[in-house]
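Below is one structure, written out as structure tokens, with a few remarks after it.
The values are calculated or read from the model by the stated rules, or taken from the named source; none is laboratory data. Worth saying up front: this structure is predicted, and the values here are computed from it rather than measured. Heads up, the Cβs are rebuilt from the backbone with ideal geometry, glycines too, and the neighbour counts pull from every protein chain shown. Areas reflect the complete protein model, heavy atoms only, side chains present, ligands, DNA and RNA absent. Shrake-Rupley method; radii C 1.70, N 1.55, O 1.52, S 1.80 Å.
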Amino acid sequence: MRTLFRNATILAMDKTHGSSAFSGDLLVSNGRIEAIGPILAADGARIIDATDKLLMPGLVNAHTHSSETFLRGRYERMPLEIWLLYAYPLLMGPQVDKRLVYLRSALLAMESLKSGVTTLCDDFFDPPGHDIERLACAFSAYEEVGIRANVSSAVMNIHTLDALPYAHEIMPEELKAKLDFGPPITTAGYMDYCHTVLSTLHGRANGRLRFMVAPSAPQRCTAEMLQACYALALRHDVPMHTHVLETKTQAVSGPEIYGKSLIAHLHDLGVLGPNTTIAHSVWVSDADMELMGEAGCSVAHNAISNLKLGAGVAPIRRLLDAGVYVGLGTDGLSSNDTARILDVMRVAALVQSASGPDYGSWLKADEVLNMATIGGARTAMLDEVTGSLETGKAADLLMLDLRSIAFTPLSDIGKHLVYSENGRSIELVMVDGQIVVENDRMALIDEMEILAEIRERMPAYQANHANLERANAIFEPTMAQIHRRATSAEIGFNRYVVGTGQKV
């Protein structure tokens, strides 16, 4: 199937044009962009009149968690350490069934596509084990909905009490006794699992679906596990996707556990490099950022989630200046409540203006657009495939109506996209050359049927989850005390309230 977009305004985000729009035609053939230029010919192609329309790359969600999709709108005013008790309970009940795994992934993919996200990185977390059939349910959902996705199966093999500062000291013995989970997965066991996934699920849907290796965090994984994960990522040319320094508690954890920052720990283990993608990176120090830049690693910046969980404001300008690649992530739908990267773009741009009075260092709209497109693709190690409109790349693109309210009156397209657009101008979404959304309707699946099934099943799911919340509430006083003690510690820099004279 060939598709010719005629007389479009094109925002390519490539090295030649960047965020400067130009006029032309765009031809899609066999899932790829065949040509971009003036007055293209294409016999037998479907011709779409793109007059007064904007063609741009699909957005990339560099970090999310499908496991949180059914927890939308459930929590507020909780720091990460307390929120985790309820979104990822220590005392777990039975796993949700495989159909719910499929449905929550499908819901995430549908919302993503309808808001312009054509690629997502799902840090799939499914405790207590690693079951390839359950992971396959997420892959199937993404394949059938039509999105491009990197999907992990996140691992941790260090006990919760050993991954938190002061936990052994603060938590009462009777609560510690409830946290006997048995032996953790071994490094060899996780490697065997990853090899199976790489040989069966990785590369499905014409290469649209890929696996990424995901040690949860350096304080939650042994050195052996981290090194094995990075070696596997290098061998298969996939990301090692991990969480680092999201909160001040984690900034305290590094010195408490390893005698150094968590970034320094990764560096000293030899696992900080071009295949390393770090979610969050809020509480990084000057020395951390220097190491990250030298390593050529990537950061998935989750501006909204960081604000909702009170984590602080990541030093994005300084990370960029250090040479770190930056993409944008929503994080999960429990710590953000939407899958819309357009929302994250707006917040990511605006929150940096609160970093201090040096307005010359505030983010520009074209920098944020880069993070949401080709920069995000780089964090997913997909920048040779997607993230820009270039001949030979996958046809992952959006068509927006430039006559909509968000673009009226039209000044600068990039600024409109970052500060004005909320997704309502999107008329068409294409992934791998296939139209997946047109006129606000999913093209490949029955959206109404999926939503109806989810609504039917939610009362039982929510009742079960409420039971888990009640069971885990006993740990909240301990986690609150850990949070208070860690956040009151002096570590030499601040990511909370920044005013004149304070460094970000």
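Per-structure values
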| quantity | calculated |
| --- | --- |
| Surface accessible to a 1.4 Å probe, D331 within the full protein complex, Å² | 10 Å² |
| Solvent-accessible surface (1.4 angstrom probe) belonging to V385, in square angstrom, nearest 10 | 50 Å² |
| Positive-pole candidate from A149, A42, Y88, dipole of the range 1-158, charges at beta carbon | A42 |
| Degrees between helix 447-472 axis and first principal axis of the chain (Cα, 0 to 90, nearest 10) | 10 degrees |
| The range 355-504, relative contact order [Cα under 8 Å, separation at least 6], % | 19 percent |
| Candidate residues E453, E290: accessible-area rank, largest first, probe 1.4 Å | E290, E453 |
| Sparse-neighbour loop sites [GluC sites (Glu not before Pro); the range 321-405; at most 15 other C-beta within 10 Å; DSSP] | E384 |
| In nm, spacing of pseudo-spin labels at D321 and F493 (7 Å Cα→C-beta vector) | 1.1 nm |
| Chain lengthening between A223 and D52 when straightened (0.36 nm per residue, less Cα-Cα) | 56.1 nm |
| Over the range 61-103 - Rg/Rh using Cα atoms and the Kirkwood inverse-distance radius | 0.98 |
| With all protein chains modelled, accessible area of T16 [1.4 Å, Å²] | 110 Å² |
| Rounded to 10°, Cα long-axis angle of helix 248-258 versus longest principal axis of the chain | 60 degrees |
| Efficiency of FRET between N7 and N206 - r from beta-carbon atoms, R0 35 angstrom, step 0.05 | 0.75 |
| Rough spin-label spacing in nm, given labels placed 7 Å along Cα→Cβ, for R32 and A287 | 4.8 nm |
| Alpha-carbon centroid distance for the pair the range 278-326 / the range 71-149, whole angstrom | 24 Å |
| Contour minus Cα-Cα distance for S420 and A466 (0.36 nm per residue) | 12.8 nm |
| Simple spin-label estimate for R485 and N439 in nanometres, 7 Å along Cα-Cβ | 6.2 nm |
| Accessible-area ranking of H483, H265, largest first, probe 1.4 Å | H483, H265 |
| Filtered trypsin sites (Lys or Arg not before Pro), the range 17-79: DSSP coil and at most 15 other beta carbons within 10 Å | R77 |
| Heavy-atom accessible area order for H17, H241, largest first, 1.4 Å probe | H17, H241 |
| Over the range 374-447: Rg over Rh, Cα atoms, Kirkwood Rh | 1.01 |
| Over the chain, relative contact order from alpha-carbon pairs under 8 Å, at least 6 apart, % | 22 percent |
| Mean shadow area of the range 386-504, taken as a quarter of the surface of its Cα convex hull (nm²) | 14.8 nm² |
| Convex hull (Cα only) mean projected area of the range 193-305, reported in nm² to one decimal | 7.6 nm² |
| Residue list for the range 453-485, given a label point 7 angstrom along the Cα-to-Cβ vector of H168 and an amide N cut-off under 18 Å | 479, 482 |
| Rounded, prolate or oblate (a/c below 1.5 giving rounded, otherwise prolate when a/b exceeds b/c) for the chain by Cα gyration tensor | prolate |
| Accessible area per residue, Å², the chain with all protein chains present, probe 1.4 Å | 38 Å² |
| Average silhouette area of the range 1-151, convex hull of alpha-carbon atoms, in square nanometres | 12.2 nm² |
| Exceeding the 25 Å Cα-Cα cut-off - candidates K176/K248; K15/K53; K98/K248 | K98/K248 |
| The chain - percent of accessible surface contributed by carbon and sulfur, probe 1.4 Å | 52 percent |
| Charged-residue dipole, Cβ positions (Lys, Arg, Asp, Glu), the chain about Cα centre, Debye nearest 20 | 460 debye |
